[in-house]
Amino acid sequence: MFWIAVAVFFLVAGIVVYCIIRFRARSEDDRPVQIHGSPRLEIGWTIVPAILLIGVGIASVSGVFHLARVPKGAPITVQAASATTPATITGDVMRVDVIAHRWWFEFDYPGLGTATDLITKQNDAIVTAGELHLPIHKNVYLTITSDEPLGSPENKSHVGGGVMHNFWIPKLAGKVYAVPGRDSHLILNADYPGTFLGQCTEFCGISHANMRMRAVAQSDTDFAAWVMNQNTASHPLASGDQFTNPQAYAGFQIFTGAGNCSGCHTVDGTQAQGRVGPNLTHLQARGVFAGAIFALNDANLRTWLRNPQKAKPGANMVIPKLTEDQITSLIAYLDTLK
Amino acid sequence: MTITSSPPPPSEANLPVPVATEALPELAAPQLLPGLMRRPRATTGWTSWFTTIDHKKIGMLYGITSFFFFLVGGVEALFIRLQLAQPNGKVLSAHLYNELFTMHGTTMIFLVIMPMSAAFFNYLIPLQIGARDVAFPRLNAFSYWLYLLGGIFMYSSFLFGGAPNGGWFGYAPNTSIVYSPGHNIDYWLFGLLILGIGSTGSAANLIVTMLNMRAPGMRLLKMPIFTWMSLVANFLLLFAMPIITIALFLLMFDRQWGTHFFDPLAGGDPVLWQNLFWLFGHPEVYILILPAMGIVSEIMPVFSRKPLFGYTVMVFSGIAIGFMGWGVWIHHMFAVGLGPVATSAFSISTMLIAVPTGVKIFNWLGTIWGGSLRFKTPLLFAIGFVVMFTIGGLSGVTHALVPADRQQTDTYYIVAHFHYVLFGGSMLGLFGGIYYWYPKVFGRLLNETLGKWHFWTTLLGFNMTFGPFHMLGLQGMPRRIYTYAPNLGFNVWNMVSTIGAFIIAGSTCLFIYNVYVTMRRPMDAPADPWDARTLEWMISSPAPEYNFAEIPTVHEVDDFWHRKYGEDKDGRLIRIGDAEEFIQKPLPEGAHVHMPSPSYFPLVAAFGLPILAYGQIYRVWPVSIIGVLTLLGGIYAWGFEPSVDPEPELEAAEMAALSAGSAGELERSEQPALVGAGSTGEAGEASEAGQGPAAGGAAEAGPAVDPGPAAEGQPSTEGPASTEGPSEGGSA
């Protein structure tokens, strides 16, 4: 298709260049032949492009139906490690629910975990944000929608529902819109392990440019290990920890107390059960945060916690002003969320 | 010029009923509000520009205003490019970037290309069809004032809390009151509503003009190609603007009155906005390109000294594009997940519309092939159009292939496509038209050397700015982002693009300088500097106020050309007459052609709409009421004002000439015109014995009668005269 376009361009440009040279006015009084048209030529250059385009049209339509298919096969499940083999996966198709928010992507894996999936409303999902994990060579069937959870600064009274977003991981697939109130679908299938970058590509407000994501494609065993880690109960800090890790303990107090982080964030096994912001239970298992715009490290966390709106204009994470010590404690706590 | 046979004498039934002479003064000037509703008379002087209804002045106003907005939109683009020149740019905040990219798109489409096309429509269509003005001159002025005031209204938002920031496409639900709580979007939607009323009125006006007011002998398929493309574009406007009007009303109701048309949680559908918007938006892009295609189709034959290759096919492909343009809008929504059947159907329809478009390209090549090419600036821009539009059209065809579009859509690859067709296409065509028709409008030719420099620097800067966007899009750079990360490989091409943008800025300065030095020169352009083909070149440069001293009779396409040249048996040109013989001499001093009178009320009524809009945005009822009263009062006064301010001296002269005059010699055409509101049809008829009865009736203040169709049945007469002014259609 591209090469047909190139050929047409060179044909047109070539004729133009030829005419410019060959038919330049030689004298003021040139008397060129007054051709009014040529029915044969005109029919010809109507029919030939039409035939070419019909060919392209056939390719397009078959592509459309191919992209719209629902992949068949058994759902992916994880087989626990045995004495001799590491954990691995069986099955052919993995379903992932993608929920686009302003301005981050939520990834829920129904059937692989124990959390509540926002789309299916079932309690057997892994709930994460920003980084999508998938096993290579498997069809990953995404169900995509857009939502603003009740309680977010933009949806205090549930008259929202989200805006249009567009989900795109260029190296893995074309893009598809996340439409509030509807589901759209996309099939990903990674040919080799690696990290693939993605981004929202429909203007969704002030931080549209800051709504990114990553897809991490892994081998069967690596993916299974990731799933196992996601299902490991995070260790809620108990009262004894104030002596073994006092800084993190102080951070946990702020997280569930003065900072009110638990109003928006979930950490499994603690009283933090907010569903407005990303689930932070296994935060350290991700490489990025804040809509995948920052690498996850202490320095970036500090910049973020000082002033989220300065780091990401319009960010819905509205927090009280924290002192540097409070931030240090919080970071120490977040570092324990492996 | 002789009358070769006498027309049948007018029968009793065709004579208009004579009106008693004594009744004239009262008929002419109903004094509803004595003193207040006198109609202005001045057509010169700077204040006359506010009351003008002359299509030529209005065309100039559209042209100057749209060029000013071109500079504004261009500055917005330069800021965008400065911000994006480097990753993590700090030139603009996210807030300001989103306002600037929204206003850049909105300005360039609604405040530049559409009105600049309107400038050409307004100035040229009456000239090209041999008419004296458009069908509804005051409506014409009203449309212009709505454009100017609507544009100022929209830009006032920068001073009042923030400019529109939801993109030129304003997708719901992002533009709903929940996600866009400020007034930015309100300025956008009310501004577009105001502009839309102007465009719709103008479209109706021009369609009626083209269908009803053509010169005798000018059948539809003998109209100039620019007029044809304008006819199609105005039909598209007439039907497309109401669709976006509806969409904007629904958005306004959602934002201000608590409806939920686009809110899925309340049973609405966010995709509805996109459907309505693109149902407007796709015909809109053909509105943006067809006038420029018409301009290029005029320029290429003149500068190749050959006719347009396949005039009839060019007309019908334009019509085909107009019709088919309604059936492709979902190609803007291929990634929305509408299902394979809808997506496939529109993929096919989008491929099909490439066929008539491609035909035009080949016909333009056929026009220059075998010609005698004079490389003046207009031809450079026209050829530039053909090549740049081809590139844009080809990338457009790649979007029609849905699996490819799923990667391309919402990336810089699309931005490349539409800038190639809108800048490389429409703007290059419009610039070509400016250079081509400049002498006709302003009486001077733009400087050729500066023009060539302008062209080449524009071509260079344009390709440097937008060429890289193809690569950036395919590398994964999304649209509408205020910055990008440094490690994605976007850095080099963005920098190249920014440099190109400043080259475009420089080339625009060259053009401004060209205009400046040209306007300081004396008005020395001949009537026909390019040895051209269409009727507007038959009158002096600049065009006289009344356009044609005698309305010509037309026998074929490019009638003026065929008076100058014939063809020998091999089809080569033979000169049969000198242009000087056919160019109309101006009427002598003291000759009076009755033209439509100026009026205050289009401007007055136009003010009502932005006032109403401010009232609605801020919910200040007194302001809204003042706006409505201004609008309604202006329209009422418009309807009831006298059709001409009585000029007692002139009336007396006309009456004297009437009683002294006798039936129809052509010299009559040089005497004071005997028509005007209130004068008898009998007198008008007497001046047109060579014409036929129907034309005489046009003297009455009634619907404008087109002498054209009636005259077709006549025996051929060489250039019979008609000196009537067009009576304003229904006193509109």
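The values are calculated or read from the model by the stated rules, or taken from the named source; none is laboratory data. On a predicted model such as this, the values are computed, not experimentally measured, just so you know. A quick note on method: Cβ atoms are made from the backbone with ideal geometry, for glycine too, and the neighbour counts reach across all protein chains shown.
Run down B:92, B:82 and say which single residue is in a loop (DSSP other than H, G, I, E, B) and closer than 24 Å to residue A:312 by Cβ. From the options B:92, B:82, the qualifying one is B:92. In this structure, residue B:556 qualifies as among the acidic types (Asp, Glu), in a loop (DSSP other than H, G, I, E, B) and within 14 Å of another protein chain (Cβ to nearest Cβ). Among the residues of the stretch B:361-399, those that are under 30 Å from residue B:343 (Cβ atoms) and more than 7 Å from chain A (Cβ to nearest Cβ) comprise B:388, B:389, B:392, B:393, B:395, B:396, B:399. Among the residues of the stretch B:333-360, those identified as in contact (Cβ under 8 Å) with a residue 60 or more places away in the chain and surrounded by 20 or more Cβ atoms within 10 Å (Cβ to Cβ) are B:334, B:335, B:336, B:360. Going through (1) within 11 Å of chain B (Cβ to nearest Cβ); (2) at pLDDT 90 or above; (3) farther than 17 Å from residue A:264 by Cα one by one, residue A:159 falls short only on (2).
Residue A:213 falls short on exactly one of the conditions (1) buried (at least 23 other Cβ atoms within 10 Å of the Cβ); (2) part of a helix (DSSP H, G or I), and that condition is (2). Where residues in the stretch A:25-51 are within 30 Å of residue B:343 (Cα to Cα) and either more than 39 Å from the chain's Cα centre (by Cα) or more than 9 Å from chain B (Cβ to nearest Cβ) (or both), which of them is surrounded by the most Cβ atoms within 10 Å (Cβ to Cβ)? Checked the stretch A:25-51; the qualifying residue surrounded by the most Cβ atoms within 10 Å (Cβ to Cβ) is A:45.
Yes or no: residue A:215 touching a residue at least 12 places away in the same chain (Cβ under 8 Å) and within 14 Å of another protein chain (Cβ to nearest Cβ)? Against the criterion (touching a residue at least 12 places away in the same chain (Cβ under 8 Å) and within 14 Å of another protein chain (Cβ to nearest Cβ)), residue A:215 qualifies. Of all positions in the stretch A:100-115, at least one carries a residue that is closer than 23 Å to residue B:261 by Cα, crowded, with 17+ Cβ neighbours inside 10 Å and of a type outside the set (Gly, Ala, Ser). For residue B:458, the requirement of being surrounded by 20 or more Cβ atoms within 10 Å (Cβ to Cβ) and either within 11 Å of chain A (Cβ to nearest Cβ) or closer than 18 Å to residue B:81 by Cβ (or both) is met. Note on the stretch B:321-345: among residues that are within 10 Å of chain A (Cβ to nearest Cβ) and hydrophobic (A, V, I, L, M, F, W, C), the one that is farthest from the chain's Cα centre (by Cα) is B:341. Within the stretch A:187-210, restricting attention to residues that are in contact with a helix residue (DSSP H, G or I) (Cβ under 9 Å, 6 or more places away or on another chain) and more than 9 Å from every other protein chain (Cβ to nearest Cβ), the residue that is surrounded by the most Cβ atoms within 10 Å (Cβ to Cβ) is A:187.
Look through B:439, B:468, B:478, B:486 and report the one residue that is of a type outside the set (D, E, K, R) and touching a Leu at 6+ places or on another chain (Cβ under 8 Å). Spell out the reasoning first.
On the way: B:468 fails: touching a Leu at 6+ places or on another chain (Cβ under 8 Å); B:478 fails: touching a Leu at 6+ places or on another chain (Cβ under 8 Å); B:486 fails: touching a Leu at 6+ places or on another chain (Cβ under 8 Å).
Testing whether each residue is of a type outside the set (D, E, K, R) and touching a Leu at 6+ places or on another chain (Cβ under 8 Å) leaves just B:439.
Against the numbered list (1) among the aromatic types (Phe, Trp, Tyr); (2) surrounded by fewer than 19 Cβ atoms within 10 Å (Cβ to Cβ); (3) closer than 23 Å to residue A:148 by Cβ, residue A:289 comes up short only at (2). Of B:325, B:281, B:310, B:267, all but one fail to be among the small types (Gly, Ala, Ser), out of contact with any Asp or Glu (no Cβ under 6 Å at 6 or more places or on another chain) and farther than 30 Å from residue A:162 by Cβ; the exception is B:325. Every listed requirement among (1) surrounded by fewer than 24 Cβ atoms within 10 Å (Cβ to Cβ); (2) modelled with pLDDT of 95 or more is met by residue B:370 save one, (2). Close Cβ contacts (under 9 Å, 6 or more residues apart or on different chains) running from residues in the stretch A:185-198 that are in a loop (DSSP other than H, G, I, E, B) to residues that are of a type in the set (Asp, Glu) comprise A:193/A:222.
Taking the criterion of being more than 7 Å from chain B (Cβ to nearest Cβ) and surrounded by 14 or more Cβ atoms within 10 Å (Cβ to Cβ), the only residue of the stretch A:1-10 that qualifies is A:4. Only a single item in (1) buried (at least 23 other Cβ atoms within 10 Å of the Cβ); (2) without any contact (Cβ under 8 Å) to a residue 24 or more places away in the chain is not met by residue B:108, and it is number (2). Being in a strand (DSSP E or B), facing chain B (nearest Cβ under 7 Å) and aliphatic (A, V, I, L, M) is the filter here; which residues of the stretch A:164-184 pass it? Across the stretch A:164-184, the qualifying residue is only A:176. Here are some conditions: (1) closer than 25 Å to residue B:305 by Cα; (2) over 29 Å from the mean Cα position of the chain (by Cα). Residue B:588 meets all but one. Which one does it not meet? Condition (1) is where residue B:588 drops out.
Scanning the stretch B:246-300 for residues that are surrounded by 20 or more Cβ atoms within 10 Å (Cβ to Cβ) and outside any helix (DSSP H, G or I) yields B:261, B:262, B:263, B:268.
The single condition among (1) surrounded by 24 or more Cβ atoms within 10 Å (Cβ to Cβ); (2) part of a helix (DSSP H, G or I) that residue B:218 does not satisfy is (2).
The set of residues in the stretch A:263-289 being among the small types (Gly, Ala, Ser), in contact with a strand residue (DSSP E or B) (Cβ under 7 Å, 6 or more places away or on another chain) and farther than 30 Å from residue A:194 by Cβ consists of A:272, A:274.
Residue by residue, here is whether (1) more than 14 Å from every other protein chain (Cβ to nearest Cβ); (2) more than 22 Å from residue B:317 (Cα to Cα); (3) in contact (Cβ under 8 Å) with a residue 60 or more places away in the chain holds:
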site	(1), (2), (3)
B:128	yes, no, yes
B:132	yes, yes, yes
B:165	no, yes, yes
B:168	no, yes, yes
B:196	yes, yes, no
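Considering the conditions (1) within 14 Å of chain A (Cβ to nearest Cβ); (2) without any contact (Cβ under 8 Å) to a residue 24 or more places away in the chain, residue B:561 is excluded by exactly one of them, (2).
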